[in-house]
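What follows is one structure encoded as structure tokens, with my remarks underneath.
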Amino acid sequence: MTKSAVSEAVATDAGAPAVSCEDLVKSFGRVEAVRGVRFAVRPGETVAVLGPNGAGKSTTVHMMLGLFPPDAGSIELFGMAPEKAVRAGRVGAMLQEGQLVPRVTVGELVGFVAGTYGSQAPAVPHTLELAQIADLAGRRVDKLSGGQMQRVRFALALAGGARLVVLDEPTAALDVESRRQLWKAMRDYAAKGNTVVFTTHYLEEADDNADRIIVIAKGQVIADGPAEEIKKAAGGRTVAFRHEDQDPDELAALPGVNEVKVLHGRVVLTTTDSDATVAALAGAGLPMRDLEVAGADLEDAFVALTSASAEGGAG
Amino acid sequence: MPAYLRLELRRLARDGGYLMASLVVPVAIYLFLGQGSHGDLVQNLVGTAGFGALGVVVTNGTSIAEDRSRGWLRLLRLTPLSPLDVVVARGLCAMVLAVLPIALISLLGAFYKHVPLGAGEWVATLLALWFGIAPLALLGLSVGYLCEARMAQVVGTLVYVGLSLLGGLFVGLDSFPGWLRALAKFNPVYGYGEFTRKVGEGGAPPALSTFVLLAWTAAFAALAAFAYRRSGRYS
Ligand SMILES: Nc1ncnc2c1ncn2[C@@H]1O[C@H](COP(=O)(O)OP(=O)(O)OP(=O)(O)O)[C@@H](O)[C@H]1O
Ligand SMILES: [Mg+2]
């Protein structure tokens, strides 16, 4: 890292957004992977980029990290070109795919990456602890299980103490407990004032862990806003229970409820605020045996959002 | 960069199988070659040591292609490490590796084959063998950065075997047809062989092969820089 890169970083840093993407376009041959993506992330924000397979999330992430340039449009991280921000130690990243290089131990690899960031990097044992891999420190990285490897890659993203961390589907291969721990580590990292951008397929994950959600489909941003707004636009969640003698009109009048359906002997309410709906159900003393609350199906949500954006609504 | 060089050297040190394999062939060839005149002794020494050095610097290059396929180059690009430091460290790795066959063959030469060289001649020969391999180390880097993993293996082998055969590292050029002999003069491996042999025989570095080596060093450095930049986009 050169001195000039650092001092310039300090000079351009104040007030610049952590991420600023302007009308990004990227094609691979005839595949238009990204078609005009535009968004900005403020320092300290945690943003989820949500979208189905092939939406263009990873392509956008790669361009954000300076791995390849966009065909059109521009990107700045903290007011700098991505490569420069990376060189200045501002960015930690975890890509979606990637094995790890053979014949290095977990401790050596994390230590090496931390070392490239200089004094801003937290102590290696601390990072290993955060990523729940302290017990793997002496193991060769190429001899780990898929989920363990993924935790190592997560550790590499945090190892430098960078102010912006970009995670492309960080929980894909993890079991439930590792997933929970990873999100906790990520939220702790964000709570220190750092900026986090992550991608996911799951509205729930985005909702639980991000301040804001950017929905991408077919290479375009189709919604961008606080989780509550996105959930509302996407049809929110479903509350289901056994169908007894509840009055459909009374159910439809509950707070948040958009739709009432009876399917296979169960009442299914679509709601923008499942907490309020369940509380009101309980308050009204309505029977709700075998209660289930679930996120709305993401495919439906994308359909809802896409048609909304086509009508000139969201996005 | 020292940290990165250390990490790569540690990875190499743990690859015992590869290190053994890369030394077996030159050692076997050297032991197999008979005794002979002073000139033959020197030719055999520098020929096999050079062949061994060529082998390791080429495989050092092709292993880069393998590392890329595992996402290692991309991971490095996402750290604050300077891209130039990464290439330079990779080149230095090749040079460190080259010490192994050169040292091993020279030890065999001195203590088993009793090649009659004075201390000064030994130093000059070892330095010539070591510095002279630099352009080929750069060629190795270029192959690694230009080619996909499997292609790099093929191209690496072609470079290794093809250039050493055509460069007259073992068989003198006398058996070649005239046009091939003329071409061979510009082969970097021929330049390397000539250069090290002349130095080994106690002469001054010959002008033509010194020039050929320097020219190839410049050309392969440019190629490696180009290859590295190009690979950045796709790694
Ligand atoms: N290197 C590439 N060459 C050709 N096409 C590509 C390449 N990378 C991505 N694509 C195409 O671009 C589109 C967007 O891919 P991208 O990887 O960005 O999607 P994604 O949103 O990350 O999907 P996923 O959720 O499956 O990871 C896809 O149609 C994909 O096939
Ligand atoms: Mg992806």
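Read the figures in this text as sums done on the coordinates, not as results from a lab. Small disclaimer: the values here were computed from a predicted structure and weren't measured. Cβ: placed from backbone, ideal geometry, glycine included. Neighbour counts: every protein chain shown.
Key figures
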item: Residues whose placed amide H lies under 5 Å from that of A:Gln220, excluding near-sequence neighbours; result: A:Arg35
item: Euclidean distance between Cα centres, the range A:242-297 to the range A:217-232, Å; result: 25 Å
item: Shielding by partners, peptide B:14-24 (average Cβ within 10 angstrom, other chains); result: 1
item: Considering only chain A, percent of DSSP beta bridges that pair antiparallel, nearest 5; result: 65 percent
item: Mean separation of Cα contacts under 8 Å (6+ apart) over length of chain A, as relative contact order %; result: 18 percent
item: Of A:Asp273, A:Asp247, A:Asp71, the one that fluctuates the most in a GNM where chain A has Cα springs shorter than 10 Å; result: A:Asp247
item: Share, in percent, of DSSP beta bridges within the protein assembly as shown that are antiparallel, nearest 5; result: 65 percent
item: Percentage relative contact order, the range A:84-156, counting C-alpha pairs under 8 Å, at least six apart; result: 42 percent
item: Helix-only [θ]222 nm of chain A, DSSP H runs n ≥ 4, -39500 (n - 2.57) each, per residue, nearest 500; result: -10500 deg cm²/dmol
item: Gain upon complete extension [B:Asp15, B:Phe111; 0.36 nm per residue less C-alpha separation]; result: 31.8 nm
item: Positive-end residue of B:Pro205, B:Val56, B:Leu166, charge dipole of the range B:2-232 with Cβ unit charges; result: B:Val56
item: Ranking of B:Glu121, A:Glu244 by count of other Cβ atoms within 10 Å, fewest first; result: A:Glu244, B:Glu121
item: Integer Hz, Karplus 6.51/-1.76/1.60 couplings in order for the range B:38-55, x for Gly and Pro; result: 4, x, 4, 4, 5, 4, 5, 4, 6, x, 6, 4, x, 4, x, 5, 4, x
item: Cα gyration tensor shape of the protein assembly as shown, rounded if a/c is under 1.5, else prolate or oblate by comparing a/b with b/c; result: prolate
item: For A:Arg103, A:Arg139, A:Arg237, order by how many other beta-carbon atoms lie within 10 Å, fewest first; result: A:Arg139, A:Arg103, A:Arg237
item: Spatial separation of Cα centroids for the range A:54-110 and the range B:128-154, in angstrom; result: 27 Å
item: Average partner coverage of A:85-97, which counts Cβ from other chains inside 10 Å; result: 3
item: Relative contact order (percent, whole number), the range A:127-184, Cα cutoff 8 Å, 6+ residue spacing; result: 37 percent
item: Whole-Hz couplings from phi, Karplus 6.51/-1.76/1.60, listed for the range B:155-160; x for Gly and Pro; result: 5, x, 5, 4, 4, 4
item: A:Ser27, A:Ser58, A:Ser119, A:Ser145 arranged by Cβ crowding within 10 Å, fewest neighbours leading; result: A:Ser119, A:Ser145, A:Ser27, A:Ser58
item: Count of lysine pairs in the protein assembly as shown with Cα separation under 14 Å (8 or more residues apart, or interchain); result: 5
item: Cα gyration tensor, the range A:116-193 - rounded (a/c under 1.5), prolate or oblate; result: oblate
item: Max mean-square fluctuation residue, GNM over chain B, Cα-Cα springs under 10 Å, options B:Arg77, B:Arg90, B:Arg68; result: B:Arg77
item: Prolate/oblate/rounded call for the range A:235-295, Cα gyration tensor, a/c under 1.5 rounded; result: rounded
